[in-house]
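The values are calculated or read from the model by the stated rules, or taken from the named source; none is laboratory data. A quick note: this is a predicted structure, and the numbers were derived from the prediction, not measured. Cβ atoms come from the backbone with ideal geometry, glycine included; neighbour counts cover every protein chain shown. When the accessible area is computed, the model is the full protein with side chains, heavy atoms only, and any ligands, DNA or RNA have been set aside. Shrake-Rupley method; radii C 1.70, N 1.55, O 1.52, S 1.80 Å.
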Amino acid sequence: MTMRLINHPILCNYYLTYRCNAKCNFCDIWEVPSPYANLEVAKENLKDLKRLGVKVIDFTGGEPLLHRQIDSILEYAKGLGFVTTLTTNTLLYPKWSEKISGKVDMLHFSLDYYDSEKHNKARGVDCYDHVMQSIEISRDLGERPDILFTVFEDNVNEIAGVYEKICVPNNLMMILKPEFEYNQVQSGPILSNHTLDVISQWGKKSLVYLNEAFIQLRRDGGNHIKDPVCKAASSTIVISPENKLILPCYHLGEKSYDINGGLFDLYHSFEVEEQIKLEGRLPECEGCVINCYMQPSFAVEVNKYWYKALRSTIKYSWKKGTWKAVVNF
Ligand code: SF4
Ligand code: SF4
């Protein structure tokens, strides 16, 4: 039995640009030619997102720190009372660190290997040393970044090194994110049951955040179009750098609509509402495990995933002291 808890979008995945200064072998977004989101346009959209009931804005990309006014955008979002989150490959963090300090509630540094050569190879650029440097800089600024570790079949054995040698000594949380297929790029073999067990075990450790619902969803074969758990479009608003509303999710991107200063009305228009109804029900949705949409999906409806997700959310908020900010998410 399921019960819908929240009937408005709670998250915005705001794509500030699709450009990236890395070339990860599991991602093809950096191949997409892209502009940068306009600051004044972003401000208008943020005001409408507030009216729509959104609580959390994930400023994403591409690499969000490539945006030359990222500090102003973050400041404006914070001023409106949003919880802000940003994930970076850290190449530009040292440059931006002071200007964005205190403006990102959930700051994530991507690191997928303890072995520097392997990390740099997977990312297609030498960024390992930047991660280490960024950890030091952020500590001096009093920030508490998290290490975001995307787990593949081939790097599961690297979790120990990153956890013991980097996270524990620096008192940083490690977020384990099981991989999913990124657009058309094959990111290696689908995670085996054994790997899922190993990830689950790590999730029990102090300082490790794992949304157990992600593991459960994989064991259940992902989203099923007959009874979809995905609530991508009704829980999450996706905005592109070209200022378009993308539906039902970025990865499927079936439809896009020009926002033109009218996000609130557009989101409530008949056409968009019809699109929202298709979330999780399109042929490509069968078996989908895309974390970015499943996380908010698990938050808006009470079902078995909701319970699993809640436990880890409480642990994260407790450790990070962001309880108040996240409790409504
Ligand atoms: S995964 Fe992130 S850092 Fe890597 S190429 Fe894609 S957008 Fe850039
Ligand atoms: S099931 Fe996956 S592909 Fe389908 S709408 Fe949801 S997130 Fe997008």
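Here is how the numbers come out for the structure above:
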read-out	value
For q = 0.19, 0.21, 0.25, 0.35 Å⁻¹, Debye-computed log10 I/I(0) when each Cα of the stretch 259-300 counts as one equal scatterer	-0.75, -0.85, -0.94, -1.07
Approximate shape of the stretch 178-272 as ellipsoid semi-axes (Cα gyration tensor, √5λ), whole Å, largest first	33, 15, 14
Calculated from backbone phi, Karplus (6.51, -1.76, 1.60) coupling profile of the stretch 129-135 in Hz, x at Gly/Pro	5, 5, 5, 4, 5, 5, 4
Per residue solvent-accessible surface (Å²) - the chain, probe of 1.4 Å	44
Area of residue 192 that stays accessible when all protein chains are in place (1.4 Å probe, Å², to 10)	40
Coordinate range along principal axes, alpha carbons of the stretch 122-250, Å, largest first	47, 41, 27
Residue 139-residue 28 pseudo-label distance in nm [points 7 Å out on the Cα-to-Cβ vector]	4.0
Cα-based equivalent ellipsoid of the chain: semi-axis lengths in Å, sorted from largest, via gyration tensor	28, 24, 19
Percent accessible area from carbon and sulfur atoms, the stretch 88-187, protein chains only, probe 1.4 Å	43
Compactness of the stretch 29-102, expressed as Rg and Dmax over alpha-carbon positions, Å	12.4, 34
Cβ-based charge dipole, the chain, positive-most Cα from 264, 307, 199	307
